[in-house]
Amino acid sequence: MTYAEFKSALAQSNCKLCGLWRSRTRIVVDRGNPRAKILIIGEAPGENEDLRGLAFVGRAGKLLDELMESLGFDTNRDSLIINVVKCRPPGNRRPTPQEVASCFPFLKKQVDWVRPKAVLLLGATALKHVAPDKKNFKMAQEVGSFFTQPDYPGVDFMVVYHPAYILRDRRKMPVMLEHLKRFIEKARGARCD
Ligand code: URA
């Protein structure tokens, strides 16, 4: 099976592994380039993503694209963007641990296919589920630093603030840009620290 076959099978599957199927319009598998060695992981589709079947195409996604583009990074060409859960939780609430557990094998498959060099986690939900050994973390202390994960040897991880948070608190913009710059430099193999 190719990544394209996996994607189309999941998108058309009418998956009912958790209850989110009841309120979703579409299953949102990803956006971007599955051949890129950089993976960006968010939380869950929002309203626009649910309607269009593409990850990060609403206001938060546009901000992410703009910030990355200002650093010479094209999210559609240079990365694959996915979410921890593939269906929109009602009212954009956080996905429950059960919903994440049902959906996680799809994320694992995506990581296996992409074999990323670097993974950018957007926000606390992505960090909590992709790096479960980080317990009781404070985002302010986690953002912007690289770490590794025993489950994914050789992969550099960084968590940054979720772009929806930056939309709510623009004062965090300069620090977000600084972190994204550091991530892109490392992901591209440049010396950065
Ligand atoms: N927020 C996310 O975490 N993911 C999306 O796809 C859109 C908004």
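Tally time: how many residues in segment 77-93 are within 14 Å of the ligand (Cβ to nearest atom) and open to solvent by 10 Å² or more (accessible area, probe 1.4 Å)? Break it down stepwise before answering.
Of all residues in segment 77-93, those within 14 Å of the ligand (Cβ to nearest atom) come to 79-89, 91-93.
Retained after the next criterion (residues that are open to solvent by 10 Å² or more (accessible area, probe 1.4 Å)): 87-88, 91-93.
Looking only at that region, the number is 5.
Can you spot a residue in segment 135-144 that is open to solvent by 70 Å² or more (accessible area, probe 1.4 Å) and within 15 Å of I38 (Cβ to Cβ)? Quick ask: steps written out before the conclusion?
Of all residues in segment 135-144, those open to solvent by 70 Å² or more (accessible area, probe 1.4 Å) come to 135-136, 138, 140-141.
This time we only want the ones that are within 15 Å of I38 (Cβ to Cβ), so: none.
No, segment 135-144 contains no residue that is open to solvent by 70 Å² or more (accessible area, probe 1.4 Å) and within 15 Å of I38 (Cβ to Cβ).
Can we say C103 is outside any helix (DSSP H, G or I), open to solvent by 10 Å² or more (accessible area, probe 1.4 Å) and either closer than 19 Å to T25 by Cα or within 13 Å of the ligand (Cβ to nearest atom) (or both)?
On the way: outside any helix (DSSP H, G or I): no; open to solvent by 10 Å² or more (accessible area, probe 1.4 Å): yes; either closer than 19 Å to T25 by Cα or within 13 Å of the ligand (Cβ to nearest atom) (or both): yes.
No, not satisfied.
Just name the residue that is nearest to T125 (Cα to Cα) out of those in segment 62-84 that are out of contact with any helix residue (DSSP H, G or I) (no Cβ under 7 Å at 6 or more places or on another chain) and in contact (Cβ under 8 Å) with a residue 24 or more places away in the chain.
Restricting attention to segment 62-84, the residues satisfying the condition of being out of contact with any helix residue (DSSP H, G or I) (no Cβ under 7 Å at 6 or more places or on another chain) are 62, 66, 69-70, 72, 74, 76-79, 83.
Within this subset, residues satisfying the condition of being in contact (Cβ under 8 Å) with a residue 24 or more places away in the chain are 70, 72, 76-79, 83.
Values: S70: 26, G72: 27, N76: 23, R77: 25, D78: 23, S79: 20, N83: 10 Å.
Out of the qualifying residues, it is N83.
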Name the single residue that is nearest to the ligand (Cβ to nearest atom) among those in segment 1-56 being under 23 Å from I184 (Cα atoms) and outside any loop (DSSP other than H, G, I, E, B). G42
Filtering segment 57-76 down to residues that are within 27 Å of T2 (Cβ to Cβ) and among the charged types (D, E, K, R), which residue is farthest from the ligand (Cβ to nearest atom)? D74
Kindly list, by first and then second residue, each pair from a residue in segment 111-135 that is within 20 Å of D169 (Cα to Cα) to a residue that is open to solvent by 10 Å² or more (accessible area, probe 1.4 Å) and outside any loop (DSSP other than H, G, I, E, B), limited to pairs with Cβ atoms under 6 Å and residues at least 6 apart or on different chains. A124/M139
Mind checking which pairs have a first residue in segment 1-12 that is farther than 18 Å from T25 by Cβ and a second that is open to solvent by less than 70 Å² (accessible area, probe 1.4 Å), Cβ under 6 Å, 6 or more apart or different chains? Y3/P34
Which of the residues that make up segment 106-134 are open to solvent by 50 Å² or more (accessible area, probe 1.4 Å), over 20 Å from K7 (Cβ atoms) and either touching a strand residue (DSSP E or B) at 6+ places or on another chain (Cβ under 9 Å) or not in a helix (DSSP H, G or I) (or both)? K117, P132, D133, K134
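The values are calculated or read from the model by the stated rules, or taken from the named source; none is laboratory data. This one's a predicted model, so the numbers in the text were calculated from it and none came from an experiment. No Cβ is skipped: glycine too gets one built from the backbone with ideal geometry, and neighbour counts run over all protein chains shown. Calculation scope for accessible area: heavy atoms of the full protein, side chains included, ligands and nucleic acids excluded. Shrake-Rupley method; radii C 1.70, N 1.55, O 1.52, S 1.80 Å.
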